[in-house]
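Asker: Quick one: structure below, then a few questions.
The values are calculated or read from the model by the stated rules, or taken from the named source; none is laboratory data. Given the structure is predicted, the values throughout are model-derived calculations rather than measurements. Cβ: placed from backbone, ideal geometry, glycine included. Neighbour counts: every protein chain shown. Heads up: the accessible areas ignore ligands, DNA and RNA and are worked out on the full protein's heavy atoms, side chains in. Shrake-Rupley method; radii C 1.70, N 1.55, O 1.52, S 1.80 Å.
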Amino acid sequence: MTMDRGTAAPARILVVGASASGLTTVEALRRKGYTGKIQVLGDEPHAPYDRPPLSKQVLSGAWEPERTALRAPGVLADLDAEFLLGDEAVALDARARTVQTASGRELSADAIVIATGARARALPGQEGLRGVHVLRGLDDALALKRELLPGARLVVVGEGVLGSEIAATARALGLVVTLTGPLAAPMALQVGPMVSGLLAELHIERGVRLRLGAGVAALTRRGGRVTGVELTTGVHLPADVVVVAVGAAPATGWLADSGLALENGVVCDSRCRAAEGVFAVGDVARFHHEGLGRAVRLENRTNATEQAVAVAGAILGEDRPYAPVPYFWTDQFDARLQLHGVVTAAPGAAETVEVVEGDVASRRFVARYTSDGVVTGVLGWNMPKQTRARRQEVVAAQAALVVPAR
Ligand SMILES: Cc1cc2nc3c(=O)[nH]c(=O)nc-3n(C[C@H](O)[C@H](O)[C@H](O)COP(=O)(O)OP(=O)(O)OC[C@H]3O[C@@H](n4cnc5c(N)ncnc54)[C@H](O)[C@@H]3O)c2cc1C
């Protein structure tokens, strides 16, 4: 690795992916005093923008799309990084540390940061079918928004965080909304049965039709346009518009011949290092979490920022494990849910949930999740201050569990 003269830093750094985690890596590098050359390659034509508002403020029309920009043009320019936008990385040679792009560029660096995030998963048969959308990027949000007309029938496939949010936003816009998916309640996987039951109540109260506990058999069509969703139970849900929100897959296709280990993301050690001089950050990174004692891939906005700071440090020679307390939030109708930690119980473990602040009836509460007596998460429903204060319980429990392994 070529180093900056007089420092332990690599002379040239290439960041692939120009979004939250890629941009924050660049900012952290500069903040930590890195003065070498930085290039940022991004396949989207847009300057870095934020994704959480897409399913909320952009879809509802509360924000103009420009407001999602993560930094003003002057602030980006001050980073003294070269942004190569609208060009996609198609291959990486991890040993040589070179990246080929779709337009024919070959970019070399002494350290490479993979920040390519995730791509929306699709259903078989949806490609090219008018009226069917996914929501991952700004262009997706604008295309979907154009079809969210009051009174139109929208079916959202996928009862996870994104699908539940889209259902809530569209319902508030006056659409006739049906939410479908294989689980029993919205976000059951992310928040467990008690809270997802409360979310189901909220959605029903606001007029979302829940058709849960069934998979999708087919999208029905006429003349190249979707007409509805047929469920595995035989039920047909008629639709003018369908959103497919069945999760996201890490964007690793371009890394197939890179020599890196790929397994539900780019496999990294606890320093976010995938190979000598190659790091991964954000939604695409599957790293060894020393606090949880296993590999994790976190798809949330806070991780994109926090992990970027850790990766910048690792590139510059800091030797600290990245072991965050996972955190995400979601806004649905007038509910803001915030979750610190994780709620999914380990196989065979008994998970319990108790309300420790506020009360469920007033829809202001904090719930604590424990698994075999160990606190694994705290979830707040419209109680931000108290939720934040309770986070410490997760931090303490996680610290007690530290399992070093590299
Ligand atoms: C609609 C929506 C709402 C969300 N809401 C919330 C929320 O409320 N709370 C929360 O915590 N999290 C939320 N998230 C998740 C959060 O936005 C992500 O965790 C975060 O954006 C991850 O940042 P990232 O930079 O790692 O990846 P991304 O934001 O996915 O950025 C990756 C970038 O790399 C580009 N790229 C991919 N492949 C290539 C390639 N081969 N060459 C060049 N460029 C490439 C992509 O086009 C993209 O621009 C939401 C996500 C979405 C989509």
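Asker: Any idea of the accessible area per residue across the chain, 1.4 Å probe, to the nearest Å²? It would help to have the intermediate numbers written out before the result.
Answerer: Numbers: 17400 Å² over 406 residues.
Counting only protein heavy atoms, the per-residue value for the chain is 43 Å².
Asker: Give me the angle, in degrees from 0 to 90, between the Cα long axis of helix 384-400 and the longest principal axis of the Cα atoms of the chain, rounded to the nearest 10.
Answerer: Rounded to the nearest ten degrees, it is 60.
Asker: Would you mind checking which residues have amide H under 5 Å from residue 336's amide H? H placed 1.01 Å from N; only 5 or more apart, or other chain.
Answerer: Hits under the 5 Å cutoff: 382.
Asker: What's the percent breakdown of Cα-Cα distances in the chain across 20 Å bins, shortest bin first?
Answerer: 26, 55, 19, 0
Asker: Now for a different question. If we count every other residue with Cβ under 11 angstrom of residue 370's Cβ, Lys/Arg +1 and Asp/Glu -1, where does the sum land?
Answerer: -3
Asker: Let me ask something else about it. Can you put 145, 385 in order of accessible area, largest first, using a 1.4 Å probe?
Answerer: On the way: 145 65, 385 165 Å².
Most to least solvent-accessible, the answer reads 385, 145.
Asker: Related question: State which stretch of the chain is the longest one without any exposed GluC sites (Glu not before Pro), exposure meaning a DSSP loop state and at most 10 other Cβ atoms within 10 Å.
Answerer: Values: sites that count: 127, 276.
The reported range is 128-275.
Asker: Relative contact order for the range 122-246: what percent, with Cα pairs under 8 Å and sequence separation of 6 or more?
Answerer: 33 percent
Asker: Now a separate question. Under a Cβ-Cβ cut-off of 13 Å, what is the net charge of the residues other than residue 43 that fall near it, where Lys and Arg count +1 and Asp and Glu count -1? Before the final figure, lay out each step's value.
Answerer: Numbers: positive: 105, 119, 136; negative: 44, 87, 88, 139.
It works out to a net charge of -1.
Asker: I've got another one for you. Express the carbon and sulfur contribution to the solvent-accessible surface of the chain as a percent, rounded to the nearest whole number, probe 1.4 angstrom.
Answerer: Answer for the chain is 52 percent, counting heavy atoms of protein chains only.
Asker: Continuing with this model, one more query. Bin width 10 Å, alpha-carbon pairs only: give the P(r) of the range 334-399 as whole percents, running from 0 to the bin holding the largest distance.
Answerer: It works out to 25, 53, 21, 2, in whole percents.
Asker: So, one more: Lysines within cross-link reach of residue 385: Cα-Cα under 24 Å, excluding same-chain residues under 8 positions apart?
Answerer: Cα-Cα hits under 24 Å: 56.
Asker: Using only DSSP helix segments of four residues or longer, with each worth -39500 (n - 2.57), what per-residue ellipticity at 222 nm results for the chain after dividing by its residue count and rounding to 500?
Answerer: Rounded to the nearest 500, the figure is -7000 deg cm²/dmol.
Asker: Still on this structure, please answer the following. Which value, in debye to the nearest 20, describes the size of the charge dipole of the chain about its Cα centre when Lys and Arg Cβ atoms bear +1, Asp and Glu Cβ atoms bear -1, and nothing else is charged?
Answerer: Using only the charged Cβ atoms, the result is roughly 480 debye.
Asker: What is the local net charge at residue 250, summed over the other residues whose Cβ is closer than 10 Å to its Cβ (Lys, Arg +1; Asp, Glu -1)?
Answerer: Counting the neighbours of residue 250, the net charge comes to 0.
Asker: Follow-up. Quick check for me: using +1 on Lys/Arg Cβ and -1 on Asp/Glu Cβ, what's the dipole size of the range 334-399 about its Cα centre, in debye to the nearest 20?
Answerer: 340 debye
Asker: Here's another thing I want to ask about it. Can you give the Rg to Rh ratio of the range 105-228, both from alpha-carbon atoms, with Rh computed by the Kirkwood formula? Show your work: numbers first, answer last.
Answerer: Working: Rg = 17.1 Å, Rh = 16.1 Å.
For the range 105-228, the value is 1.06.
Asker: Something else about it: Using only protein heavy atoms and a 1.4 Å probe, report how much of residue 334 is accessible, in Å² to the nearest 10.
Answerer: 100 Å²
Asker: Oh, and also: Using +1 at the C-beta of Lys and Arg and -1 at the C-beta of Asp and Glu, which of 333, 282, 261 has the Cα lying farthest in the positive direction of the dipole of the chain?
Answerer: 333
Asker: Counting only C-alpha contacts under 8 Å and six or more residues apart, can you give the relative contact order of the chain as a whole percent?
Answerer: Answer for the chain is 15 percent.
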